[in-house]
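Undergrad: Let me give you the structure first, and then I'll get to my questions.
The values are calculated or read from the model by the stated rules, or taken from the named source; none is laboratory data. It should be emphasised that the depicted structure is a prediction, and the values quoted were computed from it without experimental measurement. Counting neighbours? That spans all protein chains shown, and the Cβs are built from the backbone with ideal geometry, glycine included.
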């Protein structure tokens with residue numbers, strides 16, 4: 001059954017913490033998934049969270065710490081000593097342990113690693129700390145099951161039993177040579193069906209997908225999504241097996257990329273969490289707000305150039321919001337489609353005349369439909385013929401130009417190495433506002449002076 005966190009449930013947990021009812025806490029939360037308990041902790045203060053975590057089984061507590069939001073976890077772990085954190089790491093995969101350590105000050109990282117009793121795990125964590133977070137090496141975990149090419153099936157099964165004690169999920173058995181170079185994978189099914197003395201060399205699959213440790217995280221996610229892979233091995237430049245990346249880490253990458261794109265489209269210049277401090281959140285939003293404000297000032301000055309036209313025909317001012325809003329909406333629609341296509345690296349996204357022509361036809365149909373409806377509306381309410389014609393022509397022109405801007409701007413930004421999602425934010429909205437106003441008054445000026 002899907003867990004739903006209600007205020008009533010949260011109040012009961014808080015009451016149990018206040019009364020130090022350990023039995024109730026264990027009985028109530030012990031039935032939940034670690035991610036659900038992490039959601040509960042996210043609604044508690046630090047002291048309550050610490051007490052709750054100490055009431056639970058340490059293995060479950062490790063899973064909860066792993067599932068907590070970064071900022072919440074960072075604040076919570078300040079109340080734990082390095083040796084307590086190291087104890088939790090006993091039940092946390094190396095890649096998740098590194099993510100948690102990266103949130104801590106450098107002195108704390110060193111102390112925590114020093115308290116890890118499993119020397120192999122400590123070495124794995126030290127190795128992973130050298131990689132950037134947004135590359136394959138930073139995503140991978142060292143825990144995996146591997147077998148030598150020259151082993152028999154019996155030897156391989158014995159090794160699986162030994163290695164699987166430290167591996168939470170066994171997706172594949174990776175086959176390596178005497179120099180730890182990755183050669184392929186062997187399935188559990190093939191081993192079970194093969195004779196005991198069959199060599200791994202005779203049954204492994206050499207054609208596999210893998211990534212080098214320096215590959216970008218986004219590229220890894222695209223490969224795993226395209227080929228529907230639950231786990232992918234990571235190698236160094238010489239092909240030596242270093243670790244593996246599992247699907248749960250790739251999901252996190254996809255979510256983070258989507259979040260960054262959404263923030264870029266909304267005009268937020270950097271990644272921020274909901275509980276980040278006020279100054280950081282303000283700074284993340286301010287740059288694009290200033291761009292929008294600058295566009296507004298330019299728009300106001302731009303309108304001043306046509307003051308005589310507006311004073312001559314005051315009714316034109318009533319349709320300014322219609323022109324700017326339509327241009328902005330059309331531009332965002334067009335750019336969103338292009339941004340989505342550019343984000344899919346598994347297809348050919350070359351910008352060509354065929355795609356431009358398709359966008360032109362779509363804009364043409366929409367422009368005719370919108371301008372016709374507005375023309376009929378103006379005629380029905382008794383607006384002057386000149387105004388109805390000017391608004392309709394201007395609206396049609398704005399739709400066509402805004403569609404063109406929305407189509408080519410993300411492509412241009414992508415070519416120059418910028419995030420194309422920026423095109424769907426205040427940048428293209430402000431540009432289309434100015435463009436729409438210019439077209440509107442240019443049409444009016446031409447028709448009234450003709």
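Undergrad: Between 181, 189, 165, 169, which is within 37 Å of the chain's Cα centre (by Cα) and over 30 Å from residue 135 (Cα atoms)? Even if it seems obvious, please write down each step before you answer.
TA: Numbers: 181 fails: over 30 Å from residue 135 (Cα atoms); 165 fails: over 30 Å from residue 135 (Cα atoms); 169 fails: over 30 Å from residue 135 (Cα atoms).
Only one candidate qualifies: 189.
Undergrad: Out of 223, 229, 247, report the one residue that is closer than 14 Å to residue 141 by Cα, out of contact with any helix residue (DSSP H, G or I) (no Cβ under 6 Å at 6 or more places or on another chain) and free of Cβ contacts under 8 Å to residues at least 24 places away in the same chain.
TA: Values: 223 fails: closer than 14 Å to residue 141 by Cα; 229 fails: closer than 14 Å to residue 141 by Cα.
On inspection, the qualifying residue turns out to be 247.
Undergrad: What pairs can you find where one residue is in segment 426-439 and at positive phi and touching a residue at least 60 places away in the same chain (Cβ under 8 Å), the other is surrounded by fewer than 21 Cβ atoms within 10 Å (Cβ to Cβ) and part of a helix (DSSP H, G or I), and their Cβ atoms are less than 9 Å apart, with a gap of 6+ or different chains?
TA: Here the result reads none, with nothing in segment 426-439 linked to a residue that is surrounded by fewer than 21 Cβ atoms within 10 Å (Cβ to Cβ) and part of a helix (DSSP H, G or I).
Undergrad: Between 122, 97, which is more than 23 Å from residue 217 (Cα to Cα), at pLDDT 90 or above and either in contact with a helix residue (DSSP H, G or I) (Cβ under 6 Å, 6 or more places away or on another chain) or assigned by TED's automatic domain parsing to the domain that holds residue 248 (or both)?
TA: Details: 97 fails: more than 23 Å from residue 217 (Cα to Cα).
Residue meeting the stated conditions: 122.
Undergrad: Name every residue in segment 54-72 that is under 22 Å from the mean Cα position of the chain (by Cα), assigned to a loop (DSSP other than H, G, I, E, B) and surrounded by 18 or more Cβ atoms within 10 Å (Cβ to Cβ), in order of residue number.
TA: 68
Undergrad: Look at segment 344-396 and say how many of its residues are within 28 Å of residue 320 (Cβ to Cβ), assigned to a loop (DSSP other than H, G, I, E, B) and either in contact with a helix residue (DSSP H, G or I) (Cβ under 9 Å, 6 or more places away or on another chain) or modelled with pLDDT of 85 or more (or both).
TA: 2
Undergrad: Still on this structure, I have one more. Against the conditions (1) part of a helix (DSSP H, G or I); (2) surrounded by 20 or more Cβ atoms within 10 Å (Cβ to Cβ), where does residue 159 fall short? Just the number, please.
TA: (2)
Undergrad: Do you know which residues across segment 79-101 are over 15 Å from residue 246 (Cα atoms) and not in a helix (DSSP H, G or I)?
TA: Passing the criteria: 79, 80, 81.
Undergrad: On to the next question. Criterion first (part of a loop (DSSP other than H, G, I, E, B), farther than 25 Å from residue 74 by Cα and out of contact with any strand residue (DSSP E or B) (no Cβ under 7 Å at 6 or more places or on another chain)) does residue 27 satisfy it?
TA: Values: part of a loop (DSSP other than H, G, I, E, B): no; farther than 25 Å from residue 74 by Cα: yes; out of contact with any strand residue (DSSP E or B) (no Cβ under 7 Å at 6 or more places or on another chain): yes.
Here the answer is no, as residue 27 does not meet what is asked.
Condition check ((1) under 11 Å from residue 184 (Cα atoms); (2) not assigned by TED's automatic domain parsing to the domain that holds residue 189; (3) not in a helix (DSSP H, G or I)) across all residues:
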position	(1), (2), (3)
201	yes, no, no
208	yes, no, yes
220	no, no, no
225	no, no, no
229	no, no, yes
234	no, no, yes
238	no, no, yes
244	no, no, yes
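Undergrad: Got a number for residues in segment 128-149 being farther than 19 Å from residue 254 by Cα and touching a residue at least 24 places away in the same chain (Cβ under 8 Å)?
TA: Qualifying residue count for the region: 11.
Undergrad: Given (1) in contact with a helix residue (DSSP H, G or I) (Cβ under 8 Å, 6 or more places away or on another chain); (2) within 21 Å of residue 215 (Cα to Cα), where does residue 149 come up short, assuming only one miss?
TA: (2)
Undergrad: Determine if segment 65-83 includes at least one residue that is under 27 Å from residue 210 (Cβ atoms) and in contact (Cβ under 8 Å) with a residue 12 or more places away in the chain. Explain how you work it out, then say what you get.
TA: In the first step, residues of segment 65-83 are kept if they are under 27 Å from residue 210 (Cβ atoms); the result is 66.
Now drop any that are not in contact (Cβ under 8 Å) with a residue 12 or more places away in the chain, which leaves 66.
Taking every residue of segment 65-83 in turn, at least one turns out to be under 27 Å from residue 210 (Cβ atoms) and in contact (Cβ under 8 Å) with a residue 12 or more places away in the chain.
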